[in-house]
Amino acid sequence: MIVSFILSALLAASVKADFFQFDSISNVSTYYFNYLYCHVWEGECQPNQDDASQQVPTGDIWSWFSQDYVGMMTAWYCSLGQCCDSGDCRITNNLTGLERDLQLKLHGQHLAQSVVLKAIQGFINNPESNKPLTLSFHGWSGTGKNFVARMVADNLYRDGVKSECVRLFIAPFHFPHTRLVDVYKGQLREAIRDMVLRCPQTLFIFDEAEKLHPGLIDAIKPYMDHYDNVDGVSYRRAIFLFLSNIGGAAINEVALDFWHSGQNREDIGMEDLEHRLRSESIDAEGGFAQSELMSGHLIDFFVPFLPLEYRHVKLCARDAYAARGVEPDEATLDEVAKAMLYEPKEEKLFSAKGCKSIPQRINFFLP
């Protein structure tokens, strides 16, 4: 009887919920959005589906219930033996797995490997942190920013980016219209608040963050600041990741200078890039430069992603083949790497698109 009542209540709430439905006020193609979510962020998609019904899950039925009711439901759920010893099996915090993935799967990014791991480790191991962790990933498209964000989600949460403790926002798709920025502000604040109330450790990912309206960033700036709480809610166990192409040119210049001077790529240090990334972020057009996130110095680490060289592209190709159960020879890997475009054109040093198109490109080389 009780179970039937609960299921009925959940069904009714799911029918009525209209939480965070940006498509109702946007003319952005939901099909294209679904394509990005499936193929860039590896969302849960159905094969051979040609309609726009699959998209980022936005309904939040729990926002219709009080915290006391959610707590009661959680206790009931755990009484059935569905919870783990940690008290919340949605959160795994597998730091060993994160370290292994960064070392074995991320190629040509010694700075990102080091900074991301130390930042996440320090935050997870310090439950008394006085602010949320805020990281800003910078670099060319295809250098691994989305890839690392997925690694963080996969190792901190049982269900990765699909976890109800993780929320992905893609700036031009969730917030496409400047005239609706005030509407977006309220929806974004509500989404973040509800997530934090539901999950003790949350991860928010903002892809293409350079396209965010500054008003949107300022609207959530208090959630990233040094406050005990905001309107009675503590955000100190939240993690914010901003992914953008800002600073890509500056990063490439430093890498090219090291190459011209005969220095090893691995000798590039944070001291060579962090100041330039801060300056680029302040001077860039878009939300970052004009927001209080920059003026308030609330970004903990600016993480540079270096342009990838030919050898790194071959490693990406090897991984893409391995993911399909194929073991390629060196000649095949060379063919894939040679098919990519490289910059600067006169030296053909850095892959223009990183490893982003490798999974699709190897289709031409499969038997």
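Considering the conditions (1) closer than 30 Å to Gln103 by Cβ; (2) surrounded by fewer than 22 Cβ atoms within 10 Å (Cβ to Cβ), Asp218 is excluded by exactly one of them, (1). Tell me, please, whether a residue that is part of a helix (DSSP H, G or I), at pLDDT 90 or above, farther than 24 Å from Ile358 by Cα and in contact with a strand residue (DSSP E or B) (Cβ under 8 Å, 6 or more places away or on another chain) can be found in the stretch 139-155. No, because not a single residue in the stretch 139-155 is part of a helix (DSSP H, G or I), at pLDDT 90 or above, farther than 24 Å from Ile358 by Cα and in contact with a strand residue (DSSP E or B) (Cβ under 8 Å, 6 or more places away or on another chain). Within the stretch 235-274, the set of residues being open to solvent by 60 Å² or more (accessible area, probe 1.4 Å) and under 23 Å from the mean Cα position of the chain (by Cα) comprises Asn245, Ala249. Restricting attention to the stretch 326-358, the residues that are open to solvent by 100 Å² or more (accessible area, probe 1.4 Å) and in contact (Cβ under 8 Å) with a residue 60 or more places away in the chain add up to 2.
Quick check: anything in the stretch 171-181 in the same structural domain as Phe301 (by the TED database), modelled with pLDDT under 95 and in contact with a Gly (Cβ under 7 Å, 6 or more places away or on another chain)? Looking through the stretch 171-181, at least one residue is in the same structural domain as Phe301 (by the TED database), modelled with pLDDT under 95 and in contact with a Gly (Cβ under 7 Å, 6 or more places away or on another chain). One residue alone among Ser291, Ser295 is in the same structural domain as Ser136 (by the TED database), over 19 Å from Thr143 (Cβ atoms), hydroxyl-bearing (Ser, Thr, Tyr) and surrounded by 15 or more Cβ atoms within 10 Å (Cβ to Cβ), and that residue is Ser291. Can you work out which of the residues in the stretch 302-325 that are in contact (Cβ under 8 Å) with a residue 40 or more places away in the chain and part of a loop (DSSP other than H, G, I, E, B) is farthest from Asp257 (Cα to Cα)? Looking at the filtered set, the residue picked out is Arg324. Kindly evaluate Val336 against the criterion of being aliphatic (A, V, I, L, M) and in a loop (DSSP other than H, G, I, E, B). Spelling it out, it is not the case that Val336 is aliphatic (A, V, I, L, M) and in a loop (DSSP other than H, G, I, E, B).
Could we say that Val166 is without any contact (Cβ under 8 Å) to a residue 40 or more places away in the chain and under 19 Å from Leu135 (Cα atoms) here? Spelling it out, Val166 is indeed without any contact (Cβ under 8 Å) to a residue 40 or more places away in the chain and under 19 Å from Leu135 (Cα atoms).
Whether any residue in the stretch 172-184 is within 30 Å of Glu343 (Cα to Cα), within 16 Å of the chain's Cα centre (by Cα) and not in a loop (DSSP other than H, G, I, E, B) is what I want to check. Scanning the stretch 172-184, I find at least one residue that is within 30 Å of Glu343 (Cα to Cα), within 16 Å of the chain's Cα centre (by Cα) and not in a loop (DSSP other than H, G, I, E, B), so the answer is yes.
The values are calculated or read from the model by the stated rules, or taken from the named source; none is laboratory data. Every value quoted in this text rests on a predicted model; they were computed, and no experiment measured them. Cβ: placed from backbone, ideal geometry, glycine included. Neighbour counts: every protein chain shown. Calculation scope for accessible area: heavy atoms of the full protein, side chains included, ligands and nucleic acids excluded. Shrake-Rupley method; radii C 1.70, N 1.55, O 1.52, S 1.80 Å.
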